[in-house]
Amino acid sequence: MFKKNNFFFGFGLAFLVTMAIFGLLYLINNYVLNAMFGRPILGESTLLIVGLGMNLFFVNYYTKFKADATAKGIVAFTLVCAAYIIYTYFGVDLGLKRE
């Protein structure tokens with residue numbers, strides 16, 4: 001099932017992995033750590049970056065398997081999300097606005 005070589009499969013897989021890891025860490029951060037320390041320890045941008053970092057394991061797996069299209073889909077999703085994080089949370093202008 002996970003041995004497909006398809007760009008959209010990689011894009012979807014990266015989305016599912018990132019959202020699952022982010023959701024799990026978000027619940028731990030806002031409920032467990034909030035109850036222990038009185039406040040959430042990690043910010044949302046940190047949780048998203050960790051979720052995106054988990055995609056590296058899948059990129060490594062699919063490049064070893066020679067499924068380059070799937071690896072490209074994972075990398076494409078990761079880059080789109082990284083640009084979103086940089087623009088939204090860190091306030092860096094990416095030069096996308098026209099005047």
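The figures follow:
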| read-out | value |
| --- | --- |
| Residue among 13, 48 that is aliphatic (A, V, I, L, M) and within 21 Å of residue 90 (Cα to Cα) | 48 |
| Test: residue 69 is within 11 Å of the chain's Cα centre (by Cα) and not charged (D, E, K, R) | no |
| Scan of segment 34-55 for residues that are farther than 30 Å from residue 72 by Cα and either exposed (fewer than 15 other Cβ atoms within 10 Å of the Cβ) or of a type in the set (Ser, Thr, Tyr) (or both), ordered by number | 34, 35, 36, 37, 38, 39, 41 |
| Candidates 22, 9, 58 - the one that is surrounded by 12 or more Cβ atoms within 10 Å (Cβ to Cβ), free of Cβ contacts under 8 Å to residues at least 40 places away in the same chain and within 17 Å of the chain's Cα centre (by Cα) | 22 |
| Matching residues, segment 23-49, being out of contact with any Pro (no Cβ under 8 Å at 6 or more places or on another chain), at pLDDT below 90, in a helix (DSSP H, G or I) and among the hydrophobic types (A, V, I, L, M, F, W, C) | 32, 35, 36, 37, 47, 48, 49 |
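The values are calculated or read from the model by the stated rules, or taken from the named source; none is laboratory data. Just so you know, these numbers come straight off a predicted model, no measurement behind them. Cβ coordinates were reconstructed from backbone atoms using ideal geometry, including for glycine residues, and neighbour counts include every protein chain displayed.
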